[in-house]
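Heads up, the thing below is written out as structure tokens.
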Amino acid sequence: MSKEVSRTVKFTLEEPYGTFLGTLESVFIVPKVIWQDIEGAEDSTVFADYVAPSGDQARRELLIGSGPFIFHEYVADQHYWVKATPYYRDGVAKMSDVVIYIYETPEVALAALKTGEVDALQMIETPTDVPELLAAGSINMDMITTYNHNAMLFMNMRYDPFKVLEVRQAISNAIDREALINFSQAGYANMPQNVSYAPGLPWSNPDVAWNDAGLDRDTLVAAANALLDDVEGISKTPAAVNVGTDEDPVMEIPDFVRTYDRGLGDGPQPMGYECIYIDSATYERAARITADNLMDIGIKVNPTPVEGSYLGRTLFSGWFIWDWEMSLFGYPSDPDFSSFFKQWSNNAALDTQAQWSLDGSKIAFVSDRDGNDDIYVINADGSGLTNLTDHPAIDFTTPVWSADGAFVETVGSNSQIIVYKSDGSGYAWSINVDGSDISWWP
């Protein structure tokens, strides 16, 4: 990052990052008056390096606030509490305290609103509850017609066949967006004019339409099936059969599930995948209709609900090993960004620095599950977990694969670079980080 001229900053990235601008808008600029009295605050590493004894405590002491409120208290899984700051530039806020409660599910949060336990909800998670709340007359509700709520179907491109562009395009074609919106949102939503933006928002362009705008459902499904038919290793769409009579024939493609041969020697496998979604009526509706849509192109989806308290780290952090195939996720109404998807490293330990072998068959990562930081290797399908370093006194970091996948290099807290055999049979050689004392083992 460099300053070009007044009010202009240039960012130079080490590699392509398509969503960089979207990520940048979530980075908040804190006025100097807020942080000037914090020792070392001008050194960005004071925040990056701060780690408190407990994971739940990390960086909490530096949460001070930059607007009309300052941080006061956080109780894990219970609430956040902020207080009005006397030095806010526009004057003291009218509310002296704001407490934001954390609820496990949208249903519990809505019950708290009905009983008066809380004064307000950001939004009603389940649109089917809206008619009842309007009829009750005891709750004031704002209907915001230009509000943007994103719901997205994620496909894990670490897995075949989702890394194949034509497969993702076929899935996009097969989803009936209008039916999905009407069903999942109970009639309280409209199709966006172009991707991500609701009509009326400043960024929405009424002159930009969906690529498939005006195409009927049968045309889109046929196009999706044609895309999949042309992907190497995927079985073909079966021929249509007559489900009518000889006098009045009706030709339809029968229900089917495609197979996919990845070319790894395990032969054709059914194209059936688990789709994890947050456990609420809205997402359940969206997941069910998505599963129905994809059956039209021979992809079987198993919708699986996950509690809201498991949302976040594994989806958004590259530190964790992702063990999921498809997921349906939306914001801003999801409750808690903590841990969403099931993962191979499902334990209380900290698993970080995951690195894929070049052929995509294995993953090396750092874990403290055995007491100190060791290097582990696991197969891409989640099997064969092996502790390569397995040393009670030395911590290891920064695993790097050899080009052929036979070795993993790591740096130990004893100031040595050590190369281990990736099959777990031992180490190959080591050298001090200053280049001295190289040692070889058979």
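Cross-link list K10/K163; K163/K300; K163/K236; K236/K362: which exceed 21 angstrom alpha carbon to alpha carbon?
Those over the limit are K10/K163; K236/K362.
What full-extension length gain, to one decimal in nm, is calculated for N379 and M141 as 0.36 nm per residue of separation minus the Cα-Cα distance?
80.6 nm
Which FRET efficiency, nearest 0.05, do T12 and Q36 yield, Cβ-Cβ r, R0 30 Å?
Here the calculated transfer efficiency is 0.60.
Starting from the Cα of L134, step 7 Å along the direction of its Cβ; do the same at L358; then give the gap between the two resulting points in nm.
Distance between label points: 6.1 nm.
By the scheme Lys and Arg +1, Asp and Glu -1, what is the net charge of all other residues having a beta-carbon under 12 Å from that of E166?
-1
Quick one: length gained pulling Q122 to E274 fully straight, 0.36 nm per residue minus the C-alpha distance?
51.7 nm
The numbers here are math on the coordinates, done by the rules we state, and not lab data. Note that the structure is a prediction, hence the values are computed from the model and not measured. Positions of Cβ are backbone-derived with ideal geometry, glycine not excepted, and every protein chain shown enters the neighbour counts.
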